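Read the structure below first, then the notes.
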Amino acid sequence: MRRSFLLYVCLLVSACNFGRDEPTVIDGTSAEAFDRTLGAAKADLGPKDRLKFEAALSEFKARTFAKADSRQEYNRLLRKGLNGLTAPRIVAQFNKDVDRVGGKAADAVFDAKRVFKGK
């Protein structure tokens, strides 16, 4: 009886998340929560949007790095800046920024990557 009740509760809890349409919200309250939810948020995206997400994230990391005076401050600012966002929202903002500046923002990210790689 106890096993069947436990099984029933487990099935009920798992059914609550079945067919979940809402994207993962990035939780920046701790390093562990941030890493876990950032990975889950990224998994919400298809291949094309995942590339845009990575580009937006790289650009945000570069801007955050420029503001920070230490690794701890960098990590705190990174978590704070992404806290409460979803990957689709980040991609939508990236698309809006690219459209607004006629692709120059995306080109700037790629130019920066080439500089960092020494090409």
Report task. Considering each of LYS96, LYS52 in turn, give the residue that is in a helix (DSSP H, G or I) and open to solvent by 60 Å² or more (accessible area, probe 1.4 Å). Result -> LYS96
Query raised in the report: Can you tell me how many residues in region 31-49 are in a helix (DSSP H, G or I) and more than 11 Å from LEU82 (Cβ to Cβ)?
Result: 12
**Report entry** Scope region 56-88; condition within 11 Å of the chain's Cα centre (by Cα) and under 19 Å from VAL109 (Cα atoms); matching residues
**Finding:** ALA56, LEU57, SER58, PHE60, LEU78, GLY81, LEU82, ALA87
Requested in this report: Report yes if GLY84 is of a type in the set (Gly, Ala, Ser) and modelled with pLDDT of 95 or more, otherwise no.
Outcome: yes
Query raised in the report: Within region 32-41, can one find any residue that is farther than 23 Å from GLU22 by Cα, surrounded by 15 or more Cβ atoms within 10 Å (Cβ to Cβ) and either touching a residue at least 24 places away in the same chain (Cβ under 8 Å) or aromatic (Phe, Trp, Tyr) (or both)?
Result: no
Query raised in the report: Which residues, taken from region 57-93, are of a type in the set (Lys, Arg) and open to solvent by less than 60 Å² (accessible area, probe 1.4 Å)?
Result: ARG79
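The values are calculated or read from the model by the stated rules, or taken from the named source; none is laboratory data. Fair warning: this is a prediction, and the values are worked out from it, not measured in the lab. Methodologically, a virtual Cβ is constructed for each residue, glycine included, from the backbone with ideal geometry; neighbour enumeration extends over all protein chains shown. Note: areas computed on protein heavy atoms with side chains; ligands, DNA, RNA excluded. Shrake-Rupley method; radii C 1.70, N 1.55, O 1.52, S 1.80 Å.
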